[in-house]
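A.B. asks: Got a structure here, written out as structure tokens. Questions coming.
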Amino acid sequence: DVLEEVGRMLGYDKIEPAPLVAPTPSPEWDGRRRLVRDLTRRLAGSHQGFETHAYTFLGRDSVVAVGLDPSSFVQLRNPVQDGVDLVRQNPIVSLFNQARGNLRENPEGMLFEIGKGYSPLAGDQPEEKTWLGVVMWGPHGEVADGPASLFGRVMSLANDIFSTARFVASDPCDGPLDSFPWAHPIRSKYWDVLDANVAAAGVVKPEIREMMGKGKTDIGWFLFDIDACLASFGDELVPFQPPSRYPATKIDVALALPNSVPYVDVEKSLVSAGGDFLESLSLFDVFEGAPLDPGVRSLAFRVSLRAFDRTLSEADEQGFLKKVAEIAEDFGGCIRS
């Protein structure tokens, strides 16, 4: 303010313009931001999930309802609301509470959150971690086992998230049920790195299913330690690649495939078909019903192909479509005209 007054008294016209001499360093690489962005786009786009953000405070009733011990949580000394005096360890209980209010109106759906959790330590400062939590549900008893079952879909989602995060996951194993008391004793899997649990997935046990959906809904869950994933990268940096000077070829293609074919397998095959030319691939429509046969669904993809050294020809486009047709046939389906 003082400098402004001095300039006004002397006359702004007497101040000679000069370029800035302060350094302008590039911002530091933020791997966490990119990872969160990629996971959010993947879950909200390809998996059609809905992102939520809940308060980090939990009521004791909701904690006890899923079998957790309130004494294992960080406790607030002066809670804003009576009975809501626990700080969550991860987003899963918050997502259970949100899903519970959606089961009646939506017989099938998915909610996810990337948020912080806090675990008590010996000192006064709790341990803070960032987690990805997912809760998905569908009608009970439609498909008991296999890739099309809710457990199969949860495991497929977990593997796809690992791939999106570029996280090299070990084979799943049986884990500590005391850490996840809501988990089904058989249909639940865990991933450990250096004796630390970094991910867990499965369906809830029957008692929790009865409490949340009155037995009419199967409920799946997935937890992923974002901090552990980032730590596995080390100091890795992604090299810069300049954009191509040549135009992209954009193609919309729809595949009519049996419902039993996992989406992840279809996507991986299309990525392989695009090869070095593939710039982007996104699912924009899922359709079932007439004129399709029962048990068949249509998956429509928007594909962008681009080369770095030339403009793609019609032969390149037709070559890609031929590979897509072969993929559809291998899965027992066809390309929709």
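A.B. asks: Tell me whether region 75-86 contains one or more residues that are farther than 18 Å from residue 182 by Cα, free of Cβ contacts under 8 Å to residues at least 24 places away in the same chain and of a type in the set (Val, Ile, Thr).
C.D. replies: yes
A.B. asks: On to the next question. Quick test of your reading of the structure: residue 250 fulfils all but one of (1) within 23 Å of residue 337 (Cα to Cα); (2) open to solvent by 10 Å² or more (accessible area, probe 1.4 Å); (3) modelled with pLDDT of 90 or more; (4) not in a strand (DSSP E or B). Name the failing condition by number.
C.D. replies: Checking residue 250 against (1) within 23 Å of residue 337 (Cα to Cα); (2) open to solvent by 10 Å² or more (accessible area, probe 1.4 Å); (3) modelled with pLDDT of 90 or more; (4) not in a strand (DSSP E or B), the one that fails is (4).
A.B. asks: Does region 265-287 include one or more residues that are hydroxyl-bearing (Ser, Thr, Tyr) and farther than 24 Å from residue 38 by Cα? Write out each step before concluding.
C.D. replies: Step one: list which residues in region 265-287 are hydroxyl-bearing (Ser, Thr, Tyr), which gives 269, 272, 280, 282.
Within this subset, residues satisfying the condition of being farther than 24 Å from residue 38 by Cα are none.
No: zero hits.
A.B. asks: Taking the options 101, 109, name whichever one is open to solvent by 50 Å² or more (accessible area, probe 1.4 Å), within 26 Å of the chain's Cα centre (by Cα) and of a type in the set (Gly, Ala, Ser).
C.D. replies: Going through 101, 109 in turn, the sole match is 101.
A.B. asks: Return yes when residue 255 is part of a loop (DSSP other than H, G, I, E, B) and in contact (Cβ under 8 Å) with a residue 60 or more places away in the chain and no when it is not.
C.D. replies: Working: part of a loop (DSSP other than H, G, I, E, B): no; in contact (Cβ under 8 Å) with a residue 60 or more places away in the chain: yes.
For residue 255, the condition - part of a loop (DSSP other than H, G, I, E, B) and in contact (Cβ under 8 Å) with a residue 60 or more places away in the chain - is not met.
A.B. asks: Still on this structure, please answer the following. Right, residue 332: open to solvent by less than 70 Å² (accessible area, probe 1.4 Å), part of a loop (DSSP other than H, G, I, E, B) and among the small types (Gly, Ala, Ser) or not? If you could, list the steps in order and put the result at the bottom.
C.D. replies: Working: open to solvent by less than 70 Å² (accessible area, probe 1.4 Å): yes; part of a loop (DSSP other than H, G, I, E, B): yes; among the small types (Gly, Ala, Ser): yes.
When the stated conditions are applied, residue 332 passes them.
A.B. asks: For region 308-329, enumerate the residues that are assigned to a loop (DSSP other than H, G, I, E, B) and under 29 Å from the mean Cα position of the chain (by Cα). Even if it seems obvious, please write down each step before you answer.
C.D. replies: Within region 308-329, the first condition is being assigned to a loop (DSSP other than H, G, I, E, B), and the residues that meet it are 308-313.
Of everything in region 308-329, nothing turns out to be assigned to a loop (DSSP other than H, G, I, E, B) and under 29 Å from the mean Cα position of the chain (by Cα).
A.B. asks: Still on this structure: Here is a check on your reading of the model: is residue 159 under 21 Å from residue 65 (Cβ atoms) and in contact (Cβ under 8 Å) with a residue 12 or more places away in the chain?
C.D. replies: Numbers: under 21 Å from residue 65 (Cβ atoms): no; in contact (Cβ under 8 Å) with a residue 12 or more places away in the chain: yes.
So residue 159 fails the test.
A.B. asks: How many residues does region 113-152 hold that are part of a strand (DSSP E or B) and either among the basic types (Lys, Arg) or surrounded by 16 or more Cβ atoms within 10 Å (Cβ to Cβ) (or both)? Let's see the steps before the verdict.
C.D. replies: Taking region 113-152 as the starting set, the residues that turn out to be part of a strand (DSSP E or B) are 113-119, 127-139.
With the extra rule that they be either among the basic types (Lys, Arg) or surrounded by 16 or more Cβ atoms within 10 Å (Cβ to Cβ) (or both), the set shrinks to 113-118, 129-138.
Matching residues across region 113-152 total 16.
A.B. asks: The conditions are (1) assigned to a helix (DSSP H, G or I); (2) modelled with pLDDT of 90 or more, and residue 163 fails exactly one of them. Which is it?
C.D. replies: (2)
A.B. asks: Let me ask something else about it. Out of all the residues in region 283-300, which are within 22 Å of the chain's Cα centre (by Cα) and either surrounded by 13 or more Cβ atoms within 10 Å (Cβ to Cβ) or charged (D, E, K, R) (or both)?
C.D. replies: Initial filter on region 283-300 (within 22 Å of the chain's Cα centre (by Cα)): 283-286, 299-300.
Once the filter is applied, which keeps residues that are within 22 Å of the chain's Cα centre (by Cα) and either surrounded by 13 or more Cβ atoms within 10 Å (Cβ to Cβ) or charged (D, E, K, R) (or both), region 283-300 yields 283, 285, 299, 300.
A.B. asks: May I pose another question? I'm trying to understand the selection: among the residues of region 153-168, which are surrounded by fewer than 20 Cβ atoms within 10 Å (Cβ to Cβ) and in contact with a His (Cβ under 8 Å, 6 or more places away or on another chain)?
C.D. replies: Initially, region 153-168 is screened for residues surrounded by fewer than 20 Cβ atoms within 10 Å (Cβ to Cβ), giving 156, 159-160, 162-164, 166, 168.
Answer for region 153-168, where residues must be surrounded by fewer than 20 Cβ atoms within 10 Å (Cβ to Cβ) and in contact with a His (Cβ under 8 Å, 6 or more places away or on another chain): just 160.
A.B. asks: Kindly indicate whether residue 260 is surrounded by 12 or more Cβ atoms within 10 Å (Cβ to Cβ), hydroxyl-bearing (Ser, Thr, Tyr) and in contact with a Gly (Cβ under 9 Å, 6 or more places away or on another chain).
C.D. replies: Values: surrounded by 12 or more Cβ atoms within 10 Å (Cβ to Cβ): yes; hydroxyl-bearing (Ser, Thr, Tyr): yes; in contact with a Gly (Cβ under 9 Å, 6 or more places away or on another chain): yes.
Spelling it out, residue 260 is indeed surrounded by 12 or more Cβ atoms within 10 Å (Cβ to Cβ), hydroxyl-bearing (Ser, Thr, Tyr) and in contact with a Gly (Cβ under 9 Å, 6 or more places away or on another chain).
A.B. asks: Within region 45-63, can one find any residue that is aliphatic (A, V, I, L, M), open to solvent by 40 Å² or more (accessible area, probe 1.4 Å) and without any contact (Cβ under 8 Å) to a residue 60 or more places away in the chain?
C.D. replies: Of all residues in region 45-63, those aliphatic (A, V, I, L, M) come to 54, 58, 63.
Filter once more, keeping what is open to solvent by 40 Å² or more (accessible area, probe 1.4 Å): none.
Within region 45-63 (the criterion being aliphatic (A, V, I, L, M), open to solvent by 40 Å² or more (accessible area, probe 1.4 Å) and without any contact (Cβ under 8 Å) to a residue 60 or more places away in the chain), the answer is no, since none of the residues qualifies.
A.B. asks: Is it the case, given these coordinates, that residue 269 is open to solvent by less than 70 Å² (accessible area, probe 1.4 Å), under 18 Å from residue 330 (Cα atoms) and touching a Lys or Arg at 6+ places or on another chain (Cβ under 8 Å)? Spell out the reasoning first.
C.D. replies: Details: open to solvent by less than 70 Å² (accessible area, probe 1.4 Å): yes; under 18 Å from residue 330 (Cα atoms): yes; touching a Lys or Arg at 6+ places or on another chain (Cβ under 8 Å): no.
The answer is no for residue 269.
A.B. asks: Report yes if residue 89 is under 16 Å from residue 133 (Cα atoms) and either of a type in the set (A, V, I, L, M, F, W, C) or free of Cβ contacts under 8 Å to residues at least 60 places away in the same chain (or both), otherwise no.
C.D. replies: Numbers: under 16 Å from residue 133 (Cα atoms): yes; either of a type in the set (A, V, I, L, M, F, W, C) or free of Cβ contacts under 8 Å to residues at least 60 places away in the same chain (or both): yes.
Against the criterion (under 16 Å from residue 133 (Cα atoms) and either of a type in the set (A, V, I, L, M, F, W, C) or free of Cβ contacts under 8 Å to residues at least 60 places away in the same chain (or both)), residue 89 qualifies.
A.B. asks: Now, a different point. With respect to residue 67, is the statement that it is touching a residue at least 12 places away in the same chain (Cβ under 8 Å), within 23 Å of residue 113 (Cβ to Cβ), open to solvent by less than 100 Å² (accessible area, probe 1.4 Å) and out of contact with any strand residue (DSSP E or B) (no Cβ under 6 Å at 6 or more places or on another chain) true?
C.D. replies: On the way: touching a residue at least 12 places away in the same chain (Cβ under 8 Å): yes; within 23 Å of residue 113 (Cβ to Cβ): yes; open to solvent by less than 100 Å² (accessible area, probe 1.4 Å): yes; out of contact with any strand residue (DSSP E or B) (no Cβ under 6 Å at 6 or more places or on another chain): yes.
Yes, satisfied.
The values are calculated or read from the model by the stated rules, or taken from the named source; none is laboratory data. Source: prediction; values computed, not measured. Note: ideal-geometry Cβ built from the backbone for every residue, glycine included; neighbour counts use all protein chains shown. Only protein heavy atoms, including side chains, enter the accessible area calculation; ligands, DNA and RNA are left aside. Shrake-Rupley method; radii C 1.70, N 1.55, O 1.52, S 1.80 Å.
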